[in-house]
Amino acid sequence: MPWNPDRYHKFQSQRTAPFNDLLGLVNVRPGLKVVDLGCGTGELTRRLADALPDSDVLGLDKSPHMLERAADYARAGLRFELGDLASLPASWDLIFSNAALQWSPDHPALVSNLFAQLDPGGQMAVQVPSNHTHVSHRLIIETAQEEPFRSALDGWVRRSPVLSIEAYAQLFYDLGAENILVFEKIYPHVLPDAEAVLEWVSGTALIPYFERLGDLKDNFLAALRGKLHSALPSSPVFYPFRRILFSVRNPA
């Protein structure tokens, strides 16, 4: 099942807040060569490009459906391409990524490879969700391990590859990075009810399950819906979304 831009944008204001914080970490200089990994539908990449004068910005994503929307934001100095962040070529003054690296495995290798693509003096600024301990994510895994879903998934469940803030900091220190800043922040969202939480995870965390479940997708949603309503009976629901942000510099 491909990414659904409309479903993803249903909570656009909540998803934009971490981008604003990440953009605030960027060392703004003119004439940068920039890549935005996992650019999605492109409107935030356009904001990034607008904040970086006279820069050449590439938005990279592996979803054709997202890039169809992103094409509307292209302009001089801003283009969008289909591609995989795991095979990013060198070299960049700024590697930027807002909520995309969590979909790639083996973060020690991934982050090391990305850091190696920075030019001397270049910056890496990244935000990843770290909400995998929330009850919504725990219930997804629990449901996936029940029949008939376990057999349909051949025992597969998605475990988050996101590291701890200490692990990211140590990794960048070992890589010789400068100006290491790594922190975790909770974004307090208030959603109408448990159904809204289901809508939220349907636009992100559930996508790889939908791809594998086929005709059992609706059954899976029904089972998960019942569990979420039991676990989150109040209305509205306080949804504390945890995210990790980091910024580092490659020594000049």
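Rundown of residues vs (1) closer than 19 Å to Arg158 by Cβ; (2) part of a helix (DSSP H, G or I); (3) of a type in the set (D, E, K, R); (4) out of contact with any strand residue (DSSP E or B) (no Cβ under 7 Å at 6 or more places or on another chain), yes/no style:
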{"residue": "His65", "(1), (2), (3), (4)": "no, yes, no, yes"}
{"residue": "Asp72", "(1), (2), (3), (4)": "no, yes, yes, yes"}
{"residue": "Leu94", "(1), (2), (3), (4)": "no, no, no, no"}
{"residue": "Phe115", "(1), (2), (3), (4)": "no, yes, no, no"}
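Taking Val237, is it without any contact (Cβ under 8 Å) to a residue 60 or more places away in the chain and buried (at least 18 other Cβ atoms within 10 Å of the Cβ)? In short, yes.
The single condition from (1) more than 17 Å from the chain's Cα centre (by Cα); (2) within 20 Å of Gly203 (Cβ to Cβ); (3) among the aliphatic types (A, V, I, L, M) that Leu67 fails is (1).
Here is the figure for segment 117-145: residues that are within 30 Å of Asn250 (Cα to Cα) and not in a strand (DSSP E or B) total 4. Scanning segment 83-112 for residues that are surrounded by fewer than 16 Cβ atoms within 10 Å (Cβ to Cβ) and not hydrophobic (A, V, I, L, M, F, W, C) gives Asp84, Ser87, Pro89, Ser91, Pro105, Asp106, Pro108, Ser112.
Each residue in segment 146-198 was checked for being more than 22 Å from Gln117 (Cα to Cα), among the aliphatic types (A, V, I, L, M) and part of a strand (DSSP E or B), and 3 of them qualify. Apart from one condition, Val28 fits all of (1) among the β-branched types (Val, Ile, Thr); (2) in contact with a helix residue (DSSP H, G or I) (Cβ under 8 Å, 6 or more places away or on another chain); (3) modelled with pLDDT of 95 or more; the exception is (2).
All told, Lys217 meets the bar of being among the charged types (D, E, K, R), in contact (Cβ under 8 Å) with a residue 24 or more places away in the chain and closer than 22 Å to Trp103 by Cβ.
Cβ-Cβ distances below 7 Å connect the following pairs, each with a first residue in segment 157-172 that is surrounded by 18 or more Cβ atoms within 10 Å (Cβ to Cβ), a second residue that is assigned to a helix (DSSP H, G or I) and aliphatic (A, V, I, L, M), and a separation of six or more residues or different chains: Leu171/Val111.
The values are calculated or read from the model by the stated rules, or taken from the named source; none is laboratory data. This is a predicted model, so every value here is computed, not measured. Cβ atoms come from the backbone with ideal geometry, glycine included; neighbour counts cover every protein chain shown.
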